[in-house]
Every structure is written in structure tokens, then in C-alpha cells.
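Here the structure is laid out as C-alpha cells; the discussion comes afterwards.
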Amino acid sequence: MPRNILILEDDNELLLLYNRTLTKAGYRVYLARNISTAQERLQAYDIDLFICDLHVDDMLSIQHLRDELAVLRQKQIPVIVISGHSEMKEECEQRGFAFALKPITPRELPGLVGYALNAT
């Protein structure tokens with residue numbers, strides 16, 4: 001049975017690239033372009049891994065996303081934060097989230113996902 005991955009990314013090209021890459025690697029992928037859609041998908045599906053861009057257009061604040069990530073961590077759902085802001089790496093890792101600096105290539109993504117899923 002394929003593992004379920006939710007991706008939160010507001011860049012449509014990256015979202016489609018991640019979807020295509022992970023679907024090809026055998027994962028079931030759910031997509032969200034904003035936080036409200038991501039929250040709906042988290043409630044509707046049994047998600048095994050959450051991948052997110054740290055800066056999403058519809059966010060009221062970065063704290064809102066941090067609060068949501070904390071809830072996921074409590075539920076023991078692994079989180080990979082993909083961001084173009086390297087200064088967020090230390091904070092993410094302190095909170096127990098994997099961190100990848102954009103751009104991440106289609107070659108790197110399946111390995112990162114496999115590692116995050118096997119680390120739990």
C-alpha cells in the first residue's frame with residue numbers, strides 16, 4: 001500500500017514537479033497550495049508525511065504554520081520543510097523537522113522522503 005504524502009507549496013511549478021516525482025516513486029500524493037487546503041487534507045486523509053514550503057502566500061503569519069507543524073509533530077507525522085531561507089534550518093531541526101534548502105532536485109526528493117519516512 002502506498003504511503004500518503006501531503007505537499008504544501010504555493011509555487012505551482014514546484015508543486016507539480018514534486019507531485020510527478022513522488023507519484024512516479026510510488027507514493028500517493030495530496031496537494032495544497034495554501035494552509036487552509038492543507039488543514040482540510042490533514043483531516044480528510046491518513047497522512048504519513050507532510051512536506052511544506054515555510055513561506056506560503058495565504059499565511060496570516062509564519063507563527064500560524066509553526067503552530068500547525070507542532071501539532072503534526074505531536075501526532076508523530078514526520079515533516080520536511082523545504083525553503084529558500086537557509087536561516088530557518090536550525091530552528092526547523094531544533095523542532096524535530098527535516099529541512100531541505102531550495103531548490104531540491106527530482107533526484108534528491110525521493111531519497112529525502114524515504115529517509116524521513118524510515119526515521120519514524
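At 0.36 nm per residue, minus the direct Cα-Cα distance, what do residue 16 and residue 101 gain on full extension? Give it in nm, one decimal, please.
Details: separation 85, 0.36 × 85 = 30.60 nm, distance 1.80 nm.
This chain segment gains 28.8 nm when fully extended.
Residue 42 sits among other residues whose Cβ lies under 10 Å from its own Cβ, and their net charge, with Lys and Arg +1 and Asp and Glu -1, is -1. The modelled label-to-label distance between residue 39 and residue 1, using points 7 Å beyond Cα along the C-beta direction, is 2.8 nm.
Taking the mean number of other Cβ atoms within 10 Å as a proxy for protection, how do you rank 49-55, 94-100, 2-8 from highest to lowest? Can you show the working numbers first?
Values: 49-55: 22.3, 94-100: 15.9, 2-8: 20.6.
Going from most to least packed, we get 49-55, 2-8, 94-100.
The listed peptides 105-111, 18-24, 79-85, ordered by packing as a protection proxy, come out as 79-85, 18-24, 105-111 (highest mean of other Cβ atoms within 10 Å first).
Computed over every Cα-Cα pair of the chain and binned at 5 Å starting from 0, the pair-distance distribution P(r) comes out as 2, 11, 25, 28, 22, 10, 1, 0 percent.
Work through the residues other than residue 106 whose Cβ is under 12 Å from its Cβ and net out their charges, Lys, Arg +1 and Asp, Glu -1.
On the way: positive: 20, 24, 107; negative: 108.
Local charge sum for residue 106: +2.
Using helices alone, I'd like the mean residue ellipticity at 222 nm for the chain: each DSSP H run of four-plus residues gives -39500 (n - 2.57), total over residue count, nearest 500. Intermediate values should be presented prior to the final figure.
Details: 5 runs with 53 residues, N = 120.
Mean residue ellipticity, 222 nm, calculated: -13000 deg cm²/dmol.
No lab work stands behind these numbers, since they all come straight from the coordinates. Values in this document were obtained by computation on a predicted structure and should not be read as measured data. Methodologically, a virtual Cβ is constructed for each residue, glycine included, from the backbone with ideal geometry; neighbour enumeration extends over all protein chains shown.
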